[in-house]
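Report on one structure; see the data block that follows.
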Amino acid sequence: MGMKTSIDLPNVLPVFPLPGALLLPRSPMPLHIFEPRYLQMVEDCMKTPERLIVMVQPRGGLAGNRLNAIGCAGRLTAFSETADGRYMITLTGVSRCRVGDEIDGFVPYRRAHVDWSGFDRDLGSPEHDAGLDRPAILSVLRRYFIDEDLNVDWDSLAAAEDEMLINSVSVLCPFGPEDKQALLEAPSLSTRRETLITLMEFALRGGNDEEMM
């Protein structure tokens, strides 16, 4: 089986706008679906050969109708239904994309044109980060997790490959939507790592400043 290329990917997809949600290539995102329009979206998605949904953050939170220009498409890789009719699904990131014009249609959820160009590396194998200083990043992580009172499976995180480590932490950390968007749009794994460390150090400094007052 050859590598998938962006040419194989659809150019119109359903869009799931969710503030603070960060889906990254090759990373899983569990979602709990209960709104009727999104239940419909999942059912329709399962009938397509690619089973793709684009996760994208609305600008200005949920009230904002406009979407960020860049989202990430995920393949529906796990599905279960609860007794009261909600869906528990997992999307696994496939590739980032530019979200273009929306399409008026006969479905209750939003759909848009998507452009895959510029994100070829998302479809390749996991990225390595040549500049990753593990002891340094793990030390910042440990301080940040303690500061934020986050429970994390530390051993599996410390043992993870570069991409899994950086992307998992990017997803886990309770950053605001603009910061999550910056992590999504980072052109390479090393720029994502640099952004991540900057955000954690900024949060840690902010906490310290308040304690000193």
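A count restricted to region 174-185 and to residues that are within 17 Å of Ile70 (Cα to Cα) and surrounded by 19 or more Cβ atoms within 10 Å (Cβ to Cβ) stands at 6.
When each of Pro187, Pro126, Pro174 is tested for being in a loop (DSSP other than H, G, I, E, B), within 22 Å of the chain's Cα centre (by Cα) and free of Cβ contacts under 8 Å to residues at least 12 places away in the same chain, the lone residue that passes is Pro187. Note on region 155-171: residues that are in contact with a helix residue (DSSP H, G or I) (Cβ under 8 Å, 6 or more places away or on another chain), in a helix (DSSP H, G or I) and without any contact (Cβ under 8 Å) to a residue 60 or more places away in the chain amount to 6. Of everything in region 141-168 that is of a type in the set (Val, Ile, Thr) and at pLDDT below 95, the residue that is nearest to the chain's Cα centre (by Cα) is Val152.
Taking the criterion of being within 25 Å of Ser170 (Cβ to Cβ) and at pLDDT 95 or above, the residues of region 1-16 that qualify are Leu13, Pro14, Val15, Phe16.
One line per residue, one yes/no per condition, for (1) under 16 Å from Asn11 (Cβ atoms); (2) more than 18 Å from the chain's Cα centre (by Cα); (3) free of Cβ contacts under 8 Å to residues at least 40 places away in the same chain; (4) not assigned by TED's automatic domain parsing to the domain that holds Pro177:
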{"site": "Leu67", "(1), (2), (3), (4)": "no, no, no, yes"}
{"site": "Glu81", "(1), (2), (3), (4)": "no, yes, yes, yes"}
{"site": "Tyr87", "(1), (2), (3), (4)": "no, yes, no, yes"}
{"site": "Thr90", "(1), (2), (3), (4)": "no, no, no, yes"}
{"site": "Gly100", "(1), (2), (3), (4)": "yes, yes, yes, yes"}
{"site": "Gly105", "(1), (2), (3), (4)": "yes, yes, yes, yes"}
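The values are calculated or read from the model by the stated rules, or taken from the named source; none is laboratory data. All of these numbers come straight from a predicted model, not from anything done at the bench. Heads up, the Cβs are rebuilt from the backbone with ideal geometry, glycines too, and the neighbour counts pull from every protein chain shown.
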